[in-house]
Amino acid sequence: MALLRRLAVNAPRGVRVLSTPPPSRDELDLSFNSPKDAFKSKKTSELVRAYLVYQICSINWIVENNDMLMKSLRQMVGQRLFEAIMKATFYGQFVAGEDQNKIRPTLERLRSFGVKSILDYSVEEDLSQEEAEKREVSASISACGDAQEEGQLKQYHVEQRFADRRYKVTSARTYFYLNEAACEKNMEAFMRSIDAVADSIRAYFVIVLLFSGITKSTGLMAIKLTALGRPQLLLQLSEVIMRARSYMHQIAGGTGNVLTHHKTIEDLQRYLGDLSSKPEVQEFMKKITSDKEGIVHLFPWSNILDKDMGLSDSFRVPDPKTGQMRRLISQISPKEEEMFRNMLRRLNNIIKVANESDVRIMIDAEQTYFQPAISRICLEMMRRYNKNKFLVFNTYQTYLKNTYNEIVTDLEQAQRQNFYWGAKLVRGAYIEQERARAAAMGYEDPTCENVDATTASFHKCLKEILSRVKLIYKNSQNEQKDRLGIMVASHNEDTVRYAIQLMKEHDIKPGDKVVCFGQLLGMCDHITFPLGQAGYSAYKYVPYGPVVEVLPYLSRRANENRGFLAKIKKEKGLLLKEIARRIFTGQIFYKPVGNYTPV
């Protein structure tokens with residue numbers, strides 16, 4: 001930013017740095033029915049391509065066999081012609097380009113129409129089901145074995161039938177562990193994406209600065225923790241967290257939700273009674289941490305980021321009957337301890353690079369058997385890096401029954417421990433898989449019963465978060481008053497309208513940088529662009545990568561669009577109206593030029 005200021009001061013003679021003009025803004029049509037507003041960023045040829053792709057996504061046989069059809073087409077026409085066909089259809093619609101240089105025009109055009117980008121390097125291995133299952137099972141069991149132990153929770157152990165985590169999942173990218181070297185490569189790919197985000201911002205704002213005086217912006221980048229380490233480690237840590245919650249539930253007397261109980265060290269001492277005098281119990285008590293309000297945490301969770309913490313030795317609690325210390329984590333070898341340290345090192349490196357580049361990191365949600373560990377690691381990263389600004393964001397899936405309780409607990413922890421809390425709110429990607437796995441393995445289904453219940457959950461979570469913005473996180477003595485940020489990542493018009501209604505009710509303005517909206521590139525342009533052009537903080541989730549290597553991603557997009565036929569029907573209608581309008585008004589060769597400034 002200092003460089004940009006010097007550019008302004010030392011602007012070439014003849015180039016006048018203007019005072020900041022009022023940004024271009026449109027009125028927002030909350031019905032999202034304006035084809036002109038939705039597609040003013042698109043060439044007519046791009047509208048025709050979008051309509052063609054949506055038409056194809058409406059044909060079940062093609063979508064069901066899309067993977068086989070794409071591979072057959074590639075064999076028939078050769079690599080070069082195949083890539084040209086894909087760029088004219090699915091790849092061109094849903095992917096920004098092959099590398100960080102080729103995606104820059106797309107990112108700059110999005111920005112010029114008020115929309116920012118979340119980059120995702122969408123290269124995936126095209127594994128068979130057999131190979132995926134083999135890798136997952138191998139990477140999910142400790143070298144010490146997976147013997148049945150007292151208190152073990154079967155949900156957090158690998159199951160052969162569901163080892164291919166792509167099962168019944170159409171919208172989420174899946175990483176399968178190969179080795180530590182592959183995780184290093186994934187880390188490097190994420191870092192290149194950070195560079196791409198930062199470069200696009202710098203290139204755009206050097207130009208904008210010279211003509212408007214604007215000097216500040218940040219970018220976003222999404223990552224998955226399963227790309228950075230063995231799934232076994234996330235499974236074991238998740239089981240520890242859930243067994244620790246069960247232990248605290250016993251202390252609370254077995255009533256209510258354990259996440260809402262605020263127990264102190266004194267409560268724990270009363271629970272253990274005479275056993276508190278045993279040396280091993282006293283040693284355990286010394287290691288327990290509590291925050292400024294005296295609320296106890298069984299384990300010093302911040303230590304999981306410490307390279308010297310031993311997992312096997314740390315997660316032990318006194319047996320309430322005997323006082324003997326018992327393990328909450330299944331056995332883990334020294335080599336696997338090192339792998340866990342490697343996973344956290346990679347995540348730390350990514351966040352540090354992002355911090356230096358002024359890029360924010362969104363850690364994606366994954367399956368419920370990984371999520372307790374992912375959320376705990378994410379919160380500890382927030383506590384470390386979000387002291388003075390938003391840097392790390394967590395993701396919450398609202399199709400899960402317990403998401404509201406998780407959010408309330410995390411909000412309260414952020415308030416007590418004084419860090420910025422950032423979240424992406426989504427409906428979720430794994431609902432069918434989660435239901436099938438719970439039924440097959442015999443544990444309680446963690447998901448909401450239907451679509452309406454999921455929407456109600458999403459809205460309840462959103463209402464809770466936004467109700468706290470001004471009440472809890474406002475500190476009149478701090479210039480940065482709002483320490484809470486939320487991305488509404490939804491393709492549902494009603495949810496977007498509900499979020500805007502809540503913003504008005506709580507006096508949250510679009511420019512307050514509290515609420516932003518996100519949709520996928522190539523989908524729901526009739527929502528994203530009107531929001532960005534009206535001055536709301538709007539993002540597109542932007543995939544990129546070589547054509548052949550993103551085919552699994554394109555296959556998912558085709559399946560996802562088939563699942564949203566009602567939304568596609570509306571967007572197809574808007575596309576046809578805009579194409580017809582341009583033909584009849586002589587704008588068929590319309591060239592999009594935007595003069596909007598993103599929030």
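Details
- Hey, Leu127 touching a residue at least 40 places away in the same chain (Cβ under 8 Å) and more than 21 Å from Leu520 (Cβ to Cβ) or not: yes
- Inter-residue pairs, beta-carbon under 9 Å, first within 11 Å of Gln155 (Cβ to Cβ) and touching a residue at least 60 places away in the same chain (Cβ under 8 Å) and in region 438-450, second surrounded by 11 or more Cβ atoms within 10 Å (Cβ to Cβ) and of a type in the set (A, V, I, L, M), 6+ apart: Tyr443/Leu153; Pro446/Leu400; Pro446/Ala438
- Residue that is surrounded by fewer than 20 Cβ atoms within 10 Å (Cβ to Cβ) and outside any helix (DSSP H, G or I), where the choices are Asn394, Asn388, Asn349: Asn388
- Residue list for region 352-385, filter: in a helix (DSSP H, G or I) and aromatic (Phe, Trp, Tyr): Tyr385
- One residue stands out among those in region 130-172 that are over 27 Å from Lys71 (Cβ atoms) and of a type in the set (Asp, Glu): the one that is least open to solvent (accessible area, probe 1.4 Å), which is Glu159.
- Candidates Leu127, Leu178, Leu110, filtered to the one that is under 23 Å from Tyr553 (Cα atoms) and buried (at least 21 other Cβ atoms within 10 Å of the Cβ): Leu110
- Residue count for region 414-433, restricted to those that are open to solvent by less than 10 Å² (accessible area, probe 1.4 Å) and in contact with a helix residue (DSSP H, G or I) (Cβ under 8 Å, 6 or more places away or on another chain): 8
The values are calculated or read from the model by the stated rules, or taken from the named source; none is laboratory data. In this text the structure is predicted, and so the values were computed from the model without any measurement. Ideal geometry is used to build each Cβ from the backbone, glycine not excepted, and the neighbour counts take in all protein chains shown. Accessible surface is based on the protein model in full, side chains and every heavy atom, while ligands, DNA and RNA are left aside. Shrake-Rupley method; radii C 1.70, N 1.55, O 1.52, S 1.80 Å.
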